[in-house]
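Everything below concerns the one structure shown next.
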Amino acid sequence: MRVGLSRNRWRTEPRREGILARSHCPHRHSRLDRLGHELDHGMGLMEKRDRTLDSKTNEKRYVSDTLLSSLKVSRERAGANARSQITLALADLKNQNERSALMDYYDSIVRLQRGRVDEVDALRKAGGKVVGYLCMFVPVELICASGAVPLRLDSGFYCTVMPSEQLLPSEVCPVVKSFLGTAMLDLSPYLRLCDVLICPGSCGTKTKLSEILEDFVPIWRIEVPHYKDGLSTKLLWQHEISSLKSKLEKLTGQKITKRALRRSIEQIEEARGVFHRFRELGKFKSLPISGRDAMLVTQTMWYDDLERWTEKTRELCTELEKRIQDGVIVSHSEAPRIMLAGSPIIWPNWKLPNLIEESGAVIVCDDLCSGDQGILSDPVNVDEWTMQDMLAAIADRYLQPITCPCFAPNDKRLDKVARMVKDYRVDGVVYHQLRGCYIQKIEFSRIRSALRDLRTPVLGIETDYTQEDVGQLKTRIDAFLEMIQSAKQNA
């Protein structure tokens, strides 16, 4: 295990309870003191807000008993449709040529039945706590250090969209609608087991989603700053991380010690090391694993025991590296190398990855918050193993490297996309836009301009949680890949 040194790290020295860093310049002390008093007052209000919200978790705001009763008739049918979608998605994956037998482990996790579900249920019955979370802003290091089980919960089910439209406009992002519908129909075995669900306010829609979800499960909110620069922003974000630590300690009844937090950081860094070894395989000219299987490997980390996932993925890496030596590949060397970018793609919504690879291309990398850009993408860089330094390093990691389009400005995303295009020798980018995900649509113009400067073709795809547009999407993808092949032949 190697823990790197931080770059451009912001640090805070103690002021009262470690909130404000004092400047060494005496002329700035009065200004910083005023800012410190204002922040202290604001943080006190935030803590009061959290206590108020915790006391209202049993008060229904949106989902009435009458509404839930009306959904009982459709619950069984929706459950059958969800299981069918998983079965069909797995069947497509199993039909791939030269698919590794080790993928059976990952298949078993994404079935979302028995197995891991029973394991989490047993842990909870034994007194353990289960902490669900949405989005990639939640530091799993703290959850693990508290002794709780972390589960990232999102939904790729199509059948749960329609029920949620009784509460949400049809124009809302389908990821949000699908997850809310899953809660309304009680189709998520993991949400049912959660003691609390952490909801970062990465966009306005998810902020309102957290309010509605309080009708089903206790909610903890994390205020995500949309501007990364500035002392006040950094201090407020660090307070959110420290506040989360306190809440987890209260939930589990277990203090997060320096030793426990260091062990958690090192455990997740080990998983990150294996993940990066796995993603390096996408840089080979001929690949030993398909891009859609690689996406599956990544998302199973959300649900399974982290140590088991790490060991299983290490075994998979060893086998895939041997396959490269033996010439056992899943795509020929001239297949168009595609990068996915844009809106998240959540299992079992494998529609777009299937269309791309079944058309003869291979997905070598992605810029998705549900994939390569997730919690395993960047390390927690610790300088000193003190509690203050570890919390600062965690806060830094879950803000600065993340290139979600909720940030303004977001120039780092352009740099990251350009670097991945070069490192993975990308022939073309498919920019995935979910209807209702407006911030991804807004950033598409900048991504497209940056890729034009790199002379990398890009295809913008707008889609929804439905199979009705498969024919149209296939036609556009086939034409895009044909253009790439023609350009390569004429180069």
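The values are calculated or read from the model by the stated rules, or taken from the named source; none is laboratory data. These numbers were taken from a predicted model, which means no experiment stands behind them. Every residue, glycine as well, gets a Cβ built from its backbone with ideal geometry; the counts of neighbours run over all protein chains shown.
Assorted remarks:
- Applying the criterion of being assigned to a helix (DSSP H, G or I) and surrounded by fewer than 17 Cβ atoms within 10 Å (Cβ to Cβ) to the residues of region 209-241, the residue that is nearest to the chain's Cα centre (by Cα) is E211.
- D186 meets the conditions (1) surrounded by fewer than 23 Cβ atoms within 10 Å (Cβ to Cβ); (2) within 28 Å of S243 (Cβ to Cβ) in every case but one. The failed one is (2).
- Put simply, of S331, S359, S370, S377 the only residue that is under 21 Å from D423 (Cα atoms) and surrounded by fewer than 22 Cβ atoms within 10 Å (Cβ to Cβ) is S377.
- Residue ID - surrounded by the most Cβ atoms within 10 Å (Cβ to Cβ), chosen from residues in region 61-109 that are polar (S, T, N, Q) and outside any helix (DSSP H, G or I): S100
- Here S202 meets the list (1) in a helix (DSSP H, G or I); (2) at pLDDT below 95; (3) under 22 Å from V176 (Cβ atoms) almost entirely, failing just condition (1).
- Count - residues of region 415-462 that are of a type in the set (S, T, Y), under 23 Å from the mean Cα position of the chain (by Cα) and under 21 Å from Q485 (Cα atoms): 2
- Scope region 251-267; condition crowded, with 20+ Cβ neighbours inside 10 Å and either part of a helix (DSSP H, G or I) or of a type in the set (D, E) (or both); matching residues: L261, S264, I265
- Considering region 110-124, and only residues there that are out of contact with any strand residue (DSSP E or B) (no Cβ under 8 Å at 6 or more places or on another chain) and in a helix (DSSP H, G or I), the residue that is nearest to D154 (Cα to Cα) turns out to be V110.
- Here the condition is being charged (D, E, K, R) and touching a residue at least 60 places away in the same chain (Cβ under 8 Å); of D411, D415, D396, it holds for D396 alone.
- Exactly one residue out of G127, G147 is within 30 Å of I394 (Cβ to Cβ), part of a loop (DSSP other than H, G, I, E, B) and without any contact (Cβ under 8 Å) to a residue 12 or more places away in the chain: that is G127.
- Count of residues meeting criterion [free of Cβ contacts under 8 Å to residues at least 40 places away in the same chain and either among the polar types (S, T, N, Q) or touching a strand residue (DSSP E or B) at 6+ places or on another chain (Cβ under 8 Å) (or both)] in region 314-353: 3
- Members of region 317-328 that are farther than 20 Å from H276 by Cα and either surrounded by 13 or more Cβ atoms within 10 Å (Cβ to Cβ) or touching a Cys at 6+ places or on another chain (Cβ under 7 Å) (or both): V328
- Residue within region 423-437 that is surrounded by 20 or more Cβ atoms within 10 Å (Cβ to Cβ), at pLDDT below 95, touching a strand residue (DSSP E or B) at 6+ places or on another chain (Cβ under 9 Å) and not acidic (D, E) present: yes
- Output for region 439-476, where each listed residue is closer than 20 Å to C404 by Cβ and free of Cβ contacts under 8 Å to residues at least 24 places away in the same chain: K441, S445, R448, S449
- Counting only helices (runs of 4 or more DSSP H) that sit completely within region 288-400, those holding 2 or more residues that are in contact with a Gly (Cβ under 6 Å, 6 or more places away or on another chain) and of a type outside the set (D, E) correspond to 291-300.
- Taking every residue in region 156-172 that is more than 16 Å from T205 (Cβ to Cβ) and pairing it with any residue that is aromatic (F, W, Y) and at pLDDT 95 or above, at least 6 positions away or on another chain, the pairs with Cβ-Cβ distances below 7 Å are G156/W347; Y158/Y465.
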